[in-house]
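The values are calculated or read from the model by the stated rules, or taken from the named source; none is laboratory data. Everything quoted here is computed from the prediction, not taken from an experiment. Heads up, the Cβs are rebuilt from the backbone with ideal geometry, glycines too, and the neighbour counts pull from every protein chain shown. In case anyone asks, the SASA skips ligands and DNA or RNA and just uses the protein heavy atoms, side chains included. Shrake-Rupley method; radii C 1.70, N 1.55, O 1.52, S 1.80 Å.
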Amino acid sequence: MKEKLHKIWNRLKPDRLIERPPLIYRALFPEAIWRHKRRGRKTVYLTFDDGPVPEETPWVLDLLDREGVKATFFMVGDNVRRHPELLEEVKRRGHSYGNHTMHHLQGLKEENHKYFRDIKEAENLIDSTLFRPPHGIIWPGQARLIKRHYNIVMYDIVTRDYSRRVNGERVLNNVKRYARNGSIIVFHDSAKAHKNMRYALPLAIRWLKENGFDFAPLPM
């Protein structure tokens, strides 16, 4: 099964398919949340992966405060271990947060017992019912087991702010091109996303507001 999923993922890996996961990939994980629609409201959900880190997370939090936007942070447990004050700051400012494993492990590359142990280790630091697999990659059997304990949150748009292959304008255009009601949008509060994220995020928030979108944190 793992080999088959590797082949499917490799076929789907071209850049244009990363930015909005295709239906064939979504169908493999019916347990997961890919969009989150609110009746009567045109809403998007900004999410931030791979933090918290002092170089990026406070900047993101300050921007969100200025814009009056609430978001969701999927945190790597080892980063929380080193910077517990940042988790507390995310809580204090009214954002939601979730588990992103302890060591940013990719499910397809790990045995189940090791992967689940890593999630549980992060849970000891990050008390949340939300879970997002790093890279959005797990195999269906893992998803079924994880669903017993967590709400698995995937995404509708990957901005690719982390990529050296794209610039900030491309990151912004990914939001403009794909945003729709209920979109769960992935940015990263991490060093690798520094340049693209800091360029694109403020402009994306402005564009989304101008186009009638509300913002909300994912419910925990």
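Numbers below:
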read-out: Per residue accessible area of the chain, 1.4 Å probe, in Å²; value: 47
read-out: Extension gain from K37 to I18, taking 0.36 nm per residue of separation minus the Cα-Cα distance; value: 4.7 nm
read-out: Span-rule helices in the chain, defined as complete DSSP H runs reaching 18 Å or more along the axis (Cα) with Kyte mean at least -1.0; value: 194-210
read-out: Computed E for K114/L203 - FRET, C-beta separation, R0 25 angstrom, nearest 0.05; value: 0.05
read-out: Orientation-averaged projected area, Cα convex hull of segment 124-220 (nm²); value: 7.4
read-out: Length added when fully stretched, K195-D214, from 0.36 nm per residue minus Cα-Cα; value: 4.3 nm
read-out: Difference of contour (0.36 nm per residue) and Cα-Cα distance, D65 to R144; value: 24.8 nm
